[in-house]
1. To make sure I understand the rule: partners must be lysines, Cα under 17 Å from the Cα of LYS81, and not fewer than 8 residues away in the same chain. Which ones qualify?
2. List the lysines whose Cα sits under 21 Å from the Cα of LYS199, skipping any in the same chain fewer than 8 residues away.
3. Using a 1.4 Å probe on the protein heavy atoms, what percent of the accessible area of the chain belongs to carbon and sulfur?
4. Any number yet on Rg/Rh for the stretch 170-256, C-alpha, Kirkwood?
5. Quick one: Cα convex hull volume of the stretch 3-152, Å³ per residue?
6. Antiparallel versus total DSSP beta bridges in the chain: what percent is that, nearest 5?
7. Step through the residues of the stretch 211-221 one at a time and calculate ³J(HN,Hα) from phi using the Karplus curve (6.51 cos²θ - 1.76 cosθ + 1.60, θ = phi - 60°), rounding each to whole Hz and writing x for Gly and Pro.
8. Divide the volume of the convex hull of the Cα atoms of the chain by its number of residues and quote the answer in cubic angstrom per residue.
Amino acid sequence: MAYLQPDEPEKVYVPALRAAKEKGKKLVCLTAYDYPTARIVDEAGVEIILVGDSIGNVIHGYGNTIPVTLEEILSALKAVKRGASRALLVADMPYGSYHVSIEETLHNALRLMKDGGAEAVKLEGGRNRVELVKRLIDAEIPVMAHIGLTPQSVHKLGGYRVQGKTKEAAQKLIEEAKMLEEAGAFSIVLELVPTEIAKIITKELKISTVGIGAGASCDIQVLVLHDLVGMTFGRQPRFVRQYANIREVMSEAVTKWMEDVKGGNYPSEKESYMLPEETKAALKGR
Ligand code: KIV
């Protein structure tokens, strides 16, 4: 049997993350939920693409990530897969898809890998996920863990606040990060965590930390693409740096087009299709 090598030579695999951490090389991760944004992000050279359950806020307008379904992640994942050939592709496990039983979790994660083309899955939680992480790794499914602010626990946490501020909470975060590493996770998202705690975790873990609102010492930085390019509504958290205002660009384009249509300036002759001369002649007078 020949080992086919269909991937491009630059393709990012899980072991590349450890190698980058050892060399002190920073990596980046962005979300994508569709083919065009996946292509843009992949072609720009981002190392990891996350089909995040932030799709619930950004694309579906749910207001939080709780209603997101496995089918919604799968559908987005398939589109992203078609647009991304280089980046490591990570799929979020939505709320409810890993909360019922280990068997159901495995079944759902396998669907993301087999049907959706994910190369790893991400799930939220600390010590309560250790067994799950082990079982997923046993099934050859690489796992990105996620601690700190875990948006799927919004109702339990009572809002989106910085986590790990007390000595006990900070200690718990550090311990849980170590437990998840021990369980086999290949990386761990630290969301809304004080910089000092993220620094300790990054230093004490061999696996990569993926920071969002967790300061500059994390091995990898992750952001929601739509926040980065200004395609969201409402107040942004402090950690978001907006590099473009795509919402304004789109709004201006739509307004100009409307004005052109209503003022008789669109479409022009060049933007229309004309009949061949003989057909035109045959229809003369009409
Ligand atoms: O769903 C998501 O986009 C995430 C990142 C913000 C880490 O979980």
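1. LYS11, LYS114, LYS122
2. Within reach: LYS21, LYS23, LYS25, LYS26, LYS165, LYS167, LYS172, LYS178.
3. Details: 8930 of 16180 Å².
Its accessible area is 55 percent carbon and sulfur atoms.
4. Details: Rg = 16.8 Å, Rh = 14.5 Å.
We get a ratio of 1.16 for the stretch 170-256.
5. Values: hull volume 18.9 nm³, N = 150.
Residue-normalised Cα hull volume stands at 126 Å³.
6. On the way: 1 of 31 bridges.
Given both bridge residues lie in the chain, the antiparallel proportion sits at roughly 5 percent.
7. These are the phi-based 3J(HN,Hα) values: x, 9, x, 10, x, 8, 7, 4, 5, 10, 10 Hz.
8. On the way: hull volume 59.4 nm³, N = 286.
Considering the Cα atoms of the chain, their hull volume per residue is 208 Å³.
The values are calculated or read from the model by the stated rules, or taken from the named source; none is laboratory data. On a predicted model such as this, the values are computed, not experimentally measured, just so you know. No Cβ is skipped: glycine too gets one built from the backbone with ideal geometry, and neighbour counts run over all protein chains shown. All accessible areas refer to the heavy atoms of the entire protein, side chains included, with ligands and DNA or RNA removed. Shrake-Rupley method; radii C 1.70, N 1.55, O 1.52, S 1.80 Å.
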